[in-house]
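Accompanying notes for the structure given below.
The values are calculated or read from the model by the stated rules, or taken from the named source; none is laboratory data. On a predicted model such as this, the values are computed, not experimentally measured, just so you know. Cβ coordinates were reconstructed from backbone atoms using ideal geometry, including for glycine residues, and neighbour counts include every protein chain displayed. With ligands, DNA and RNA removed, areas are computed over all heavy atoms of the protein, side chains included. Shrake-Rupley method; radii C 1.70, N 1.55, O 1.52, S 1.80 Å.
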Amino acid sequence: MADLGFTVNLAPVLDVGAGPGIGSRSFGDEPEVVVAYGRAFAAGVLEGGLVPVAKHFPGHGDTQDDSHVDLPVVPADWDRLNAVELVPFRRAVDVGVDAVMTAHIVVSGVQGLDAPPATLDARFMTELLREEMGFEGLLLTDALVMGALTERYGSAEVAVRALEAGSDVLLMPTDVTEAIDAVQVAVEDGRIDPARIRSSARRVLETKARAG
């Protein structure tokens, strides 16, 4: 990857379990196994001169649907999340992972079944990941073109909501120009604070600097 000019690797997958959409990318069904292999994989990525990205926060492994097609549900409450899904991500944040990717899932025991995906929920992306877990790195959405979002939101609205929830990088919106225009309008209308955009831009630049 480095020889081809890439600077970021969207891995390791830290999801516990191999549900549809994750499959063989998962390192296993046990949190500590995922921690061990995830840490080794990330170390190898760093040694190769690339920035690793831990994904899919807060945990995409225990689902029966594929978020590329529809919105998966993780049947977990906070106790389950803290005991299983969040364990590898907490360890990754503790050792200073540079970047994290979001999950287009609903955590039914926390959000209920009618909630927006975790990617668009500040309870996960800001309150949990940033404030409680202390993550200061770059937060990327999973691909915004995926069915879990496109079946419910337009490319403009999903871009704004992802920023509101806490993401820094909007990965693969359905219509890039429409997404950019929507963010600009949201800032002009006062929906998004310009400081929020500046903080994300700074994280992007800091990550680029670390990547050389």
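Phi-derived couplings, Karplus 6.51 cos²θ - 1.76 cosθ + 1.60 at θ = phi - 60°, listed residue by residue for the range 181-194: 4, 5, 5, 4, 5, 4, 5, 4, 7, x, 6, 10, 5, x Hz, with x used for Gly and Pro. Note on the chain: helix-only mean residue ellipticity at 222 nm, from DSSP H runs of 4+ residues weighted -39500 (n - 2.57) and normalised by residue number, equals -10500 deg cm²/dmol. For the range 140-212, the solvent-accessible area works out to 52 Å² per residue, with a probe of 1.4 Å and every protein chain left in place. Springs join every pair of Cα atoms under 10 Å in this Gaussian network model of the chain, and among VAL110, VAL16, VAL53 the largest mean-square fluctuation is at VAL110. In terms of packing, defined here as the mean over residues of other Cβ atoms within 10 angstrom, the peptides 1-12, 174-185 line up highest first as 174-185, 1-12. Pairwise Cα distances in the chain exceed 33 Å for 10 percent of all pairs.
Across the accessible surface of the chain, with the other protein chains kept in place and a 1.4 Å probe, carbon and sulfur atoms take up 53 percent. Less than 5 angstrom separates the built amide H of HIS56 from those of LEU14, ASP15, all sequence-distant by 5 or more or on a different chain.
Other residues with beta-carbon under 13 Å from the beta-carbon of SER155 carry, at +1 per Lys or Arg and -1 per Asp or Glu, a net charge of -3. Close amide H contacts of VAL73 (hydrogens built in the peptide plane, cut-off under 5 Å, sequence separation of 5 or more or a different chain): GLN64, ASP65, VAL106.
If you take the square roots of the eigenvalues of the alpha-carbon gyration tensor of the range 95-177 and sort them as a ≥ b ≥ c, do you get rounded (a/c under 1.5), prolate (a/b over b/c) or oblate? It comes out oblate by the Cα gyration axes.
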